[in-house]
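Undergrad: One structure coming up, written as structure tokens, with questions to follow.
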Amino acid sequence: MQIAVIAVFVAVTANGKIDPANWTHFSIADQLPGSAWGTGGTPLADFDGDGDLDISLSRRETKTAYWFQRIDDSTWIRHTIASHETMNKQLGATEVDCDLDGFVDAVYSLVWFKNPGTLAANPDAPWKAYRYFGNGHDILSGDVNGDGHRDVIAYDGKTASWYDPVQGMKQTIIGGVGENHGGTAPKGIGDLDGDGDNDVVIPGYWFANPGSGHGVWTHHPWPHLAVKNASYGTSMRCWIADINKDGLNDIVYSDCDTGLSHVYWVQNRNKGAEWIRHQLPDPPTAEGDVPGTGSFHSLGVADFDKDSDVDIFAGEQEDPDTYMTKSGKLAMKPTGLKERGVIWEHSGSARPVFTPVVIHTDNPGWHDAVLGDVDGDGDVDIVTKVWNKDGESYHADYWRNDIIVNSR
């Protein structure tokens, strides 16, 4: 295997297509239940079947999962899904129809909650909890075995596994190499070797799907660059997408759970056998702000400006943790840093250049953001929540994409 490493730095002036003025912030909840750190989620789906997107999240302190019914952009109503003994350890989550009844369920680590299917008439209807073996920092979804149904993938830092809803959430081990804090959510699943099935990525390695999800998943290296002295050890957010439109899926990743995080796209040159790592420029530091970067615990890839190429979003999380510096590790962010939500705009060329545009600075910060057309206007919006607040409250937030599309 050949690996080349290229660091790409460009000017940080936006070209006017992606502009912070074209993003409108709305609060979903500016005080979540409880007063302590730990918010799991955030599945984004039409849970009540009314044609728009709702969200689910959980709080460790209350050991409870909730869903927030979207009424309009500024009005979201909280409803309780259920409490469960495992909810005091949740982080990742996704949305999958686990029982194939046509209603989207909320899937967390170790437990999934069955959508009652009557939420349109009774939004407070109870959801039944079902245990399964999925355990980990990262929970995501994708079609592993090619049967047309989304499966659940969990990664606990040592081992990745997938769970088949068609077979009652049966577990199949994918594999693992080394130990990480996290590293396959929110979309570390996709076809990297061009054989038509979906492979799975963890930090430094990708696992080739044997064809139907069953059999030996062979692991192959890719040039992940770990942050030295990372706050909680090696951890990343990951997204598989074709960045340069050459027909091969690439790997986009952001460091997370540590200060000094960066964002990269790793170019697939030969169906997973040859890779080139490109570092995106860090976001600009506004006058008077603290330089450096925090934890890019939110990552997403989408055509935010509808110009037929994909842009890259990452957001720094709120988190005041500094205790790990006593053992020689990095703080979660430089003291006084104001968290930023950033979109790196794609230049549109076959050798893409990415320009960082800061769409929001300071609280509310970002943790495990999800992408979707929340308001149904045909573009991609962003929903997120907080993990460990450095502001006044634990919250969930929605940024509406109001970008006006201009021709090149």
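Undergrad: How much of the accessible area of the chain, in percent, comes from carbon and sulfur atoms when a 1.4 Å probe is used? Write down the numbers at each step before the final one.
TA: Numbers: 7630 of 15370 Å².
Whole-percent figure for carbon plus sulfur exposure: 50.
Undergrad: Just to be sure I understand: with springs between alpha-carbon atoms less than 10 Å apart, which residue in Phe68, Phe304, Phe26 has the highest mean-square fluctuation in the Gaussian network model of the chain?
TA: Phe26
Undergrad: Using DSSP loop states and a limit of at most 14 other Cβ atoms within 10 Å to flag GluC sites (Glu not before Pro), what is the longest stretch of the chain containing no flagged site? Please report the intermediate quantities before stating the final value.
TA: Details: sites that count: Glu179, Glu287, Glu392.
Here the longest run is 1-178.
Undergrad: Sticking with this one: What list of ³J(HN,Hα) couplings, whole Hz, do you get for the stretch 212-220 from phi and the Karplus terms 6.51, -1.76, 1.60, once you set θ to phi - 60° and write x for glycine and proline?
TA: 3J(HN,Hα) across the stretch 212-220, in whole Hz: 10, x, 10, x, 8, 8, 7, 9, 9.
Undergrad: Near the amide H of Ser141, under 5 Å away, which other amide H atoms are found, from residues 5 or more places off or on another chain, if H is placed in the peptide plane?
TA: Under 5 Å from the amide H of Ser141 lie the amide H atoms of Ile153, each far enough along the sequence or on another chain.
Undergrad: Kindly work out what percent of the DSSP beta bridges joining two residues of the chain are antiparallel, to the nearest 5. Could you put the intermediate results ahead of the total?
TA: Values: 96 of 105 bridges.
So the antiparallel bridges amount to about 90 percent of the total.
Undergrad: Can you give the Rg/Rh ratio of the stretch 251-408, where Rg is from the C-alpha atoms and Rh is the Kirkwood radius? Mind dumping the intermediate values first?
TA: On the way: Rg = 16.2 Å, Rh = 16.5 Å.
That ratio is 0.98, to two decimals.
Undergrad: Then there is this: I'd like the distance separating the alpha-carbon centroids of the stretch 210-275 and the stretch 61-92, in whole Å.
TA: 31
Undergrad: Turning to a different aspect of this structure: Rounded to the nearest 0.05, what FRET efficiency do Asp242 and Val166 give with R0 = 30 Å and r taken as the Cβ-Cβ distance? Could you check? Show your work: numbers first, answer last.
TA: Numbers: r = 28 Å, r/R0 = 0.95.
Here the calculated transfer efficiency is 0.60.
Undergrad: Given an 8 Å cut-off on Cα distances and at least 6 residues of separation, report the relative contact order of the chain as a percent. Walk me through the numbers before you get to the answer.
TA: On the way: 1184 pairs, mean separation 68.0, N = 408.
Relative contact order here is 17 percent.
Undergrad: To continue, here is another question. Can you return the lysines within cross-link range of Lys306? Criterion is Cα-Cα under 22 Å, with same-chain partners fewer than 8 residues away left out.
TA: Lys17, Lys187, Lys245
Undergrad: Given the options Asn88, Asn249, Asn122, which has the most mean-square fluctuation in a GNM of the chain, springs set between C-alpha atoms less than 10 angstrom apart?
TA: Comparing Asn88, Asn249, Asn122 in a Gaussian network model of the chain, the most mobile one is Asn122.
Undergrad: Could I have the simple spin-label model distance between Thr325 and Asp99, label points 7 Å from Cα toward Cβ, reported in nm to one decimal?
TA: The modelled label-to-label distance comes out at 5.0 nm.
Undergrad: Using the heavy atoms of the protein chains alone and a 1.4 angstrom probe, what is the accessible area of the chain per residue in square angstrom? Don't skip to the answer; put the middle values down first.
TA: Working: 15370 Å² over 408 residues.
Heavy-atom accessible area per residue stands at 38 Å².
Undergrad: Apply the a/c threshold of 1.5 to the C-alpha gyration tensor of the stretch 328-408 and tell me whether it is rounded, prolate or oblate. Before the final figure, lay out each step's value.
TA: Details: a/c = 2.63, a/b = 1.42, b/c = 1.86.
Oblate shape, in that a/c is at least 1.5 and b/c is the bigger or equal ratio.
Undergrad: Right, here's the next one. Using the structure shown, list the pairs from Lys228/Lys326; Lys228/Lys333; Lys63/Lys128; Lys158/Lys385 with a Cα-Cα distance above 20 Å, or answer none.
TA: On the way: Lys228/Lys326 15 Å; Lys228/Lys333 14 Å; Lys63/Lys128 15 Å; Lys158/Lys385 26 Å.
Check vs 20 Å cut-off fails for Lys158/Lys385.
Undergrad: Tabulate in residue order the Karplus-calculated ³J(HN,Hα) for the stretch 121-131, using 6.51 cos²θ - 1.76 cosθ + 1.60 with θ = phi - 60°, rounded to whole Hz; enter x for Gly and Pro.
TA: 8, 9, x, 9, 4, x, 9, 8, 8, 10, 6
Undergrad: Among residues other than His219 whose Cβ falls under 15 Å from its Cβ, what is the net charge (Lys/Arg +1, Asp/Glu -1)?
TA: On the way: positive: Lys158; negative: Glu179, Asp193, Asp199.
With Lys, Arg at +1 and Asp, Glu at -1, the neighbours total -2.
Undergrad: Using only the Cα atoms of the stretch 88-127, build the gyration tensor, take square roots of its eigenvalues as a ≥ b ≥ c, and label the shape rounded, prolate or oblate: rounded if a/c is under 1.5, else prolate if a/b is larger than b/c, else oblate.
TA: Values: a/c = 2.77, a/b = 1.58, b/c = 1.75.
Since a/c reaches 1.5 but b/c is at least a/b, the shape of the stretch 88-127 is classed as oblate.
Undergrad: Can you work out the FRET efficiency for the pair Ile276 and Asp402, with r the C-beta to C-beta distance and R0 = 56 Å, to the nearest 0.05? Before the final figure, lay out the partial values.
TA: Working: r = 35 Å, r/R0 = 0.62.
That pair, Ile276 with Asp402, gives E of 0.95.
Undergrad: Which residue, Gly148, Gly188, Gly247, tops the fluctuation ranking in a GNM of the chain built on C-alpha contacts under 10 Å?
TA: Gly148
Undergrad: With only alpha-carbon atoms counted, please give the Rg and Dmax of the stretch 35-83, in Å.
TA: Both quantities, over Cα of the stretch 35-83: 11.2, 34 Å.
Undergrad: (i) 153; (ii) 132; (iii) 188: which one is volume of the Cα convex hull per residue in Å³ as calculated from this entry?
TA: (ii)
Undergrad: Which whole-number percent of Cα pairs in the stretch 70-227 have a distance greater than 29 Å? Write out the running numbers ahead of the final one.
TA: Numbers: 2793 of 12403 pairs.
Pairs farther apart than 29 Å: 23 percent.
Undergrad: What whole-number value in cubic angstrom gives the convex hull volume per residue for the C-alpha atoms of the stretch 303-343? Show your work: numbers first, answer last.
TA: On the way: hull volume 2.9 nm³, N = 41.
So the per-residue Cα hull volume is 71 Å³.
Undergrad: Separation between the Ala125 and Asp377 pseudo-spin-labels, each 7 Å from Cα along Cα→Cβ, expressed in nm?
TA: Using points 7 Å along Cα→Cβ, the separation is 3.2 nm.
The values are calculated or read from the model by the stated rules, or taken from the named source; none is laboratory data. All of these numbers come straight from a predicted model, not from anything done at the bench. Reconstructed Cβ throughout: ideal geometry from the backbone, glycine too, with neighbour counts over all protein chains shown. Quick note on the areas: whole protein, heavy atoms, side chains included, nothing else; ligands and nucleic acids left out. Shrake-Rupley method; radii C 1.70, N 1.55, O 1.52, S 1.80 Å.
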